[in-house]
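Single-structure report; data block below.
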Amino acid sequence: MDILSKPVLPADHRIHYGPNDSQFGDLWLPVKPSSPPPVIVFIHGGWWKSAYDLGYAGYLCDALKRAGIAMWSLEYRRVGSTGGGWPTTFQDVAAGFEYLKEVSKKYPLDLSRVYTMGHSAGGHLAFWLAGRFHIDPHSELSQPPPGIPLRGAIALAGAVGLQLTIRLSGYGMFAHDRSEVIELMGGGPERFADRYRNGDPASLLPLAAPQLLVQGSQDDQIPPDLPSEWVKLAHQRGSTASAHIIPGADHFDIIDPDSKAWPSVMESIRTMIRV
């Protein structure tokens with residue numbers, strides 16, 4: 001059974017960070033940790049569309065919880081019926097991230113060890129969170145300076161750069177990636193240069209934390225050159241980034257604890273978080 005077909009696992013706690021039905025996070029807590037655990041703020045994928053939600057990520061969150069990591073898995077308004085797109089998708093993810101301070105008042109969390117992680121389109125938002133201190137103060141996305149320091153940003157088969165995704169998607173099997181980005185942003189970069197300047201993580205380099213990109217060699221959703229192209233661009237702009245390509249893994253193997261790829265994914269995560 002693939003991960004999209006499995007029953008949804010319930011989180012330990014569901015907490016709203018805003019009044020909208022989609023403004024909530026699922027909190028997963030390690031059982032009786034000896035000290036407050038590190039936290040991953042996780043953003044699910046689905047090409048930013050309302051048709052997809054955070055349910056499928058429960059197995060990944062549960063596996064990382066069992067490894068001693070607290071998971072704050074964010075839902076957010078997405079393109080379509082939930083009212084997302086530019087700028088609400090970005091605003092929700094930023095608000096959900098910052099709400100972690102409120103969550104930590106009730107639950108023991110180590111806010112000195114906070115990381116972002118995203119799968120697929122969520123990889124874009126995870127990296128954007130790490131770059132938003134560069135946002136133009138006149139942008140619709142501008143908010144007070146981030147109140148929680150980041151230790152790292154992890155993309156699991158992530159569409160981390162918007163214009164990079166458009167450029168690498170071409171007109172073959174990845175051509176749909178281009179249209180998904182344009183739908184999120186309301187148009188292309190030639191029309192909305194300011195939006196891409198503030199919503200594309202590549203335009204916000206150097207990011208506030210090191211980046212790790214994990215992708216399968218058989219991924220049919222994300223262009224295969226995207227991880228190496230991101231690493232090259234990040235280094236050129238003074239950021240720290242590395243990529244781990246897992247042979248034979250596809251787009252969903254990377255987030256499935258039952259897949260053959262998972263031990264390699266877990267090793268990469270442990271290397272960054274040191275748990």
**Prompt:** Is there a residue being closer than 16 Å to Gly118 by Cα, more than 17 Å from the chain's Cα centre (by Cα) and outside any helix (DSSP H, G or I) anywhere in the range 220-234?
**Reply:** no
**Residues of the range 8-54 satisfying the condition of being surrounded by fewer than 16 Cβ atoms within 10 Å (Cβ to Cβ) and closer than 19 Å to His119 by Cβ** = Val8, Leu9, Ala51
**Message:** Anything in the range 120-159 that is outside any loop (DSSP other than H, G, I, E, B), of a type in the set (A, V, I, L, M, F, W, C) and in contact with a strand residue (DSSP E or B) (Cβ under 7 Å, 6 or more places away or on another chain)? List them, or say none.
**Reply:** Leu125, Ala126, Phe127, Leu129, Ala130, Ala153, Ile154, Ala155, Leu156
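Residues checked against (1) in a loop (DSSP other than H, G, I, E, B); (2) touching a residue at least 40 places away in the same chain (Cβ under 8 Å); (3) among the hydrophobic types (A, V, I, L, M, F, W, C):
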position: Pro7; (1), (2), (3): yes, no, no
position: Asn20; (1), (2), (3): yes, yes, no
position: Asp26; (1), (2), (3): no, yes, no
position: Pro37; (1), (2), (3): yes, yes, no
position: Gly46; (1), (2), (3): yes, yes, no
position: Ala51; (1), (2), (3): yes, no, yes
position: Ser73; (1), (2), (3): no, yes, no
**Fill in**
Given the conditions (1) of a type in the set (Gly, Ala, Ser); (2) out of contact with any Lys or Arg (no Cβ under 8 Å at 6 or more places or on another chain); (3) modelled with pLDDT of 95 or more, every one holds for Ala249 apart from (2)
**Message:** For the range 74-106, give me each residue that is crowded, with 18+ Cβ neighbours inside 10 Å and farther than 21 Å from Leu141 by Cα.
**Reply:** Val103, Ser104
**Asked** Has the range 162-183 got at least one residue that is under 29 Å from Cys61 (Cα atoms) and in a loop (DSSP other than H, G, I, E, B)?
**Response** yes
**Fill in**
Of the residues in the range 235-245, those that are more than 19 Å from the chain's Cα centre (by Cα) and either assigned to a loop (DSSP other than H, G, I, E, B) or surrounded by 14 or more Cβ atoms within 10 Å (Cβ to Cβ) (or both) come to His235, Arg237, Gly238
**Residues (among the aliphatic types (A, V, I, L, M), in contact (Cβ under 8 Å) with a residue 60 or more places away in the chain and assigned to a helix (DSSP H, G or I)) located in the range 90-119** = Ala95, Leu100, Val103
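The rows are residues; the columns are (1) over 17 Å from the mean Cα position of the chain (by Cα); (2) modelled with pLDDT under 95; (3) under 27 Å from Asp177 (Cβ atoms).
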position: Glu75; (1), (2), (3): no, no, yes
position: Gly85; (1), (2), (3): no, no, yes
position: Thr89; (1), (2), (3): no, no, yes
position: Gly96; (1), (2), (3): no, no, yes
position: Tyr107; (1), (2), (3): yes, no, no
position: Leu111; (1), (2), (3): yes, no, no
position: Trp128; (1), (2), (3): no, no, yes
position: Ser139; (1), (2), (3): yes, yes, yes
position: Gly147; (1), (2), (3): yes, yes, no
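The values are calculated or read from the model by the stated rules, or taken from the named source; none is laboratory data. Computed from a predicted model, the values in this text were never measured in an experiment. No Cβ is skipped: glycine too gets one built from the backbone with ideal geometry, and neighbour counts run over all protein chains shown.
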